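Comments concern the structure below.
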Amino acid sequence: MAASTGSGSARPAKIRIRHLQQAKEAGRPFSMLTAYDQFSARAFEAAGIEALLVGDSVGTTVLGHSSTTATTHQDMLTFTGAVARSVHRPLLVADLAFGTYEAGPMDAVHHAVELVRAGAEMVKLEGGSAIAPQIRALVGAGIPVMGHLGFTPQSVNALSGHRVQGRQAEAADQLVAEALAVQEAGASAIVLELVPAEVSARITAELTIPTIGIGAGPSCDGQVLVWQDMAGLSGFAGKFVKAYAQLGAELERAASAYHDEVAERAYPGPEHSFE
Ligand code: KIV
């Protein structure tokens with residue numbers, strides 16, 4: 001993706017929202033991964049990933065909760081800060097945690113300001129026309145917004161589990177209308193999760209802002225995955241996931257070799273010991 005700092009410095013060019021917009025207009029797909037810590041974030045930056053999402057999925061992937069509804073605002077501040085201190089180039093997006101924006105626009109702005117102070121360059125929140133006032137207030141406060149429609153994990157209870165959204169014609173039309181409402185409210189991009197490929201293709205064609213799919217088919221302007229799924233660490237094998245490595249098995253192999261060498265006094269050897 002062509003991106004320029006305009007500063008003439010040798011630092012890798014910073015990705016900004018306008019570069020995602022330009023990518024959509026040029027028909028050039030871009031990639032986003034979740035990131036929650038220093039070393040993974042640096043690896044994704046080195047790999048050229050354009051956007052990093054400090055997702056509230058940190059609650060399930062790192063903190064051991066069973067739902068993102070357990071992720072707190074403090075969790076989001078901690079992990080957003082960790083990623084922000086670690087990388088420069090990717091656009092840094094952070095989730096507004098469940099319970100930090102539903103009460104109204106001022107609540108959303110208050111919490112989003114803290115995320116921006118922690119290093120977020122854009123905030124993501126789940127929902128459509130119902131949260132349009134929050135999106136407007138955030139944009140009015142100078143905070144760029146990424147929407148999130150389709151399956152919205154913070155509403156897992158209301159949606160009766162992880163289910164593809166917009167399968168019936170009426171639900172698909174509703175999803176298109178909600179996406180337009182999010183765009184109209186001022187969002188700069190939108191995540192579409194667990195949406196039939198045909199419906200996300202329709203939304204991507206109707207919206208002027210970029211769509212970013214997760215389980216939403218190949219037509220979205222960008223794609224996002226939870227990094228532990230992408231790297232084969234979580235063991236999650238949902239239909240939409242492709243594991244590009246088997247980090248879980250590799251980590252277990254390394255830990256097992258370490259364990260065996262300690263038990264055999266083969267580690268540490270003389271080369272690891274001080275005189
Ligand atoms: O929190 C998260 O990881 C997300 C992705 C599923 C898009 O919102």
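Before moving on, here are some points about what is shown:
- Subset of segment 198-227 [more than 15 Å from residue 31 (Cα to Cα), surrounded by 23 or more Cβ atoms within 10 Å (Cβ to Cβ) and touching a helix residue (DSSP H, G or I) at 6+ places or on another chain (Cβ under 6 Å)]: 199, 203
- Of the residues making up segment 185-192, at least one is open to solvent by less than 10 Å² (accessible area, probe 1.4 Å), β-branched (Val, Ile, Thr), within 15 Å of the chain's Cα centre (by Cα) and closer than 16 Å to residue 57 by Cα.
- Across segment 228-237, the qualifying residues are those that are within 13 Å of the ligand (Cβ to nearest atom) and among the hydrophobic types (A, V, I, L, M, F, W, C), and the one among them that is most open to solvent (accessible area, probe 1.4 Å) is 236.
- Checking 255, 266, 249, 187 one by one, the residue that is out of contact with any Phe, Trp or Tyr (no Cβ under 9 Å at 6 or more places or on another chain), closer than 27 Å to residue 28 by Cα and either assigned to a loop (DSSP other than H, G, I, E, B) or away from the ligand (no atom under 16 Å from the Cβ) (or both) is 187 and no other.
- Candidates in segment 151-184 are the residues that are open to solvent by less than 40 Å² (accessible area, probe 1.4 Å) and touching a residue at least 60 places away in the same chain (Cβ under 8 Å); of these, the one that is farthest from the ligand (Cβ to nearest atom) is 156.
- Among the residues of segment 197-218, those identified as closer than 17 Å to residue 148 by Cβ and either at pLDDT below 95 or not in a helix (DSSP H, G or I) (or both) are 207, 209, 210, 211, 212, 213, 214, 215, 216, 217.
- Counting only residues that are of a type in the set (Ser, Thr, Tyr) and open to solvent by 40 Å² or more (accessible area, probe 1.4 Å), segment 76-133 holds 2 of them.
- Long-range neighbours under 9 Å by Cβ, at least six apart or interchain, first residue without any contact (Cβ under 8 Å) to a residue 40 or more places away in the chain within segment 95-113, second of a type in the set (Phe, Trp, Tyr): 107/101; 108/101; 109/101; 111/101; 112/101
The values are calculated or read from the model by the stated rules, or taken from the named source; none is laboratory data. In this text the structure is predicted, and so the values were computed from the model without any measurement. As a convention, Cβ positions derive from the backbone with ideal geometry for all residues, glycine included, and neighbour counts pool all protein chains shown. Heads up: the accessible areas ignore ligands, DNA and RNA and are worked out on the full protein's heavy atoms, side chains in. Shrake-Rupley method; radii C 1.70, N 1.55, O 1.52, S 1.80 Å.
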